[in-house]
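Scroll down for the structure; my scribbles are underneath it.
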Amino acid sequence: MTLIRRLYCILCLVSGVALLAASSPAQEADSVLIDTAGVEVTPAPAPPVNVGARDTPSDEGYSITVFWELSADDRPGEDFVTGYRILRAETPEGPFREVGFSSVGATSYTDASTEKKTDYYYRVETQADGASSSSPVIGPVQSTAQWFNFNLLNLLIIEGIICLAILYFIYSAKSGKKLFLRKIAGLEAVDEAIGRATEMGRPILFIPGIQDMDDVQTIAGITILGRIAKTIAQYDCRLHVPVSRSIVMTTARETVKEAYLSAGRPDAYSDDFVNYVTDEQFGYVAAVDGIMVREKPATCFYLGAFFAESLIMAETGHSIKAIQIAGTAMPAQLPFFVAACDYTLIGEELFAASAYLSNEPRQLGSLKGQDVGKVIAMVFILLPVIVLTLGAIFGWEFATRAGEFVRDWFRLIQM
């Protein structure tokens with residue numbers, strides 16, 4: 001009986017092994033590993049190859065670029081590899097810590113957390129579900145700053161062209177050449193508005209905005225005030241400049257004083273022409289409206305930065321039948337000035353007004369040079385649109401590629 005029982009056990013064991021072999025396909029045996037406890041284990045993916053690291057070019061010295069070739073298991077259409085983990089240490093022995101993660105198909109990563117003149121060592125790991133494999137340690141590599149950012153070379157070229165244009169127009173203006181400037185109706189009407197106030201025997205009100213002297217619009221308004229004050233001095237008209245900032249008051253007084261001196265009427269100047277009211281926005285507006293209602297100025301200038309007070313002042317000026325000339329670079333306030341004032345300087349016209357009124361060669365040259373920059377910008381905006389459109393209509397592949405090149409080049413200029 002013992003012999004028969006042993007033979008029966010051997011027969012059962014052989015049958016079980018045969019059934020197990022028949023139920024497990026050969027291809028599954030190659031892709032799934034089973035450990036001693038009977039649990040399936042994902043095989044490790046192939047590591048990335050030809051891993052390297054270098055200092056990132058054209059930067060400030062705080063980044064290192066790590067690059068590699070894809071793992072043999074990183075193939076299109078397969079989701080076995082999940083990405084690449086970039087590890088960094090300051091010694092080849094470690095410890096290594098993760099500084100970044102790149103997606104499937106990526107072949108480089110920029111580590112932007114480095115310090116200058118410090119040795120770093122890197123490893124790149126191929127990641128799969130539950131498994132990974134690492135490249136050899138590479139390094140040392142240091143990050144250093146470069147003198148020039150060659151990625152912006154095209155911007156340097158355009159700035160050089162604009163600077164040369166400015167110098168050329170300044171030289172032309174100084175040599176007596178007549179430079180063409182587009183007529184601005186609001187500035188053409190300045191002398192007429194001052195003459196009307198003189199004939200009516202009523203004062204002129206000038207508001208240089210409600211911002212301080214650190215705002216470029218206030219500077220532009222004060223510059224225009226100097227030109228207007230000179231004409232007022234020649235016409236012997238009264239001027240009233242209420243301001244909402246103490247530094248603006250001091251600057252405006254010096255500007256008006258210089259204008260009266262330039263007009264040969266220093267005796268007619270008075271510090272009472274310019275006075276400080278208050279820094280509070282609507283308190284200032286209430287004071288200005290009170291001045292308008294009491295003194296009824298014949299002409300009102302609003303040139304500077306304005307906010308919610310713009311329509312309040314413009315409506316009050318309209319109610320007293322004053323000629324109103326406004327100018328601001330605040331887009332939200334322009335519709336109010338356009339609706340309530342006789343003339344409005346829109347955006348950059350405010351900054352061009354000083355050159356327009358003074359005809360000073362340096363200001364004229366700068367203005368014309370900026371126009372060259374605008375022409376260049378318009379060319380690079382319209383050129384890719386036209387070329388890409390023609391390429392799409394007629395199927396010209398070269399036109400499409402040329403348009404995309406110009407478009408991408410202009411995007412670099414904007415960065």
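The numbers here are math on the coordinates, done by the rules we state, and not lab data. A quick note: this is a predicted structure, and the numbers were derived from the prediction, not measured. Because the Cβ atoms are built from the backbone with ideal geometry, glycine has one as well, and the counts that use them run over all protein chains shown.
For the reader, a short list of remarks on this structure follows.
- Dipole axis of segment 196-254 (+1 Lys, Arg; -1 Asp, Glu on Cβ), positive-most option in SER246, THR218, ALA233: ALA233
- Karplus-derived 3J(HN,Hα), 6.51/-1.76/1.60, for each residue of segment 198-210, Hz, glycine and proline x: 5, 5, 7, x, 10, x, 10, 9, 10, 10, x, x, 10
- Counted residue by residue at 0.36 nm each, then reduced by the alpha carbon distance between them, the extension gain from LYS321 to PHE148 reaches 56.4 nm.
- Taking amide hydrogens as placed 1.01 Å from N in the peptide plane, the amide H of GLY100 sits under 5 Å from those of ILE86, each at least 5 positions away in sequence or on another chain.
- Nitroxide proxy distance, nm - points 7 Å out along Cα→Cβ at ARG97 and GLU78: 3.5 nm
- Additional length obtainable on full extension of the chain from GLU69 to ASP214, 0.36 nm per residue less Cα span: 46.9 nm
- Cα→Cβ-extended label distance, 7 Å offset, between PHE307 and ASP279, nm: 1.3 nm
- Calculated FRET efficiency for the pair ALA332/ALA112, C-beta based, R₀ 41 Å, to 0.05: 0.65
- The SER134 and ALA286 beta-carbon pair, evaluated with R₀ = 45 Å, returns a calculated FRET efficiency of approximately 0.05.
- Cα-based shape type of segment 190-341, given that a ≥ b ≥ c are square roots of the gyration tensor eigenvalues and the cut on a/c is 1.5: oblate
- Extension gain for THR250 to ILE393 (0.36 nm times residue separation, less C-alpha to C-alpha distance): 45.3 nm.
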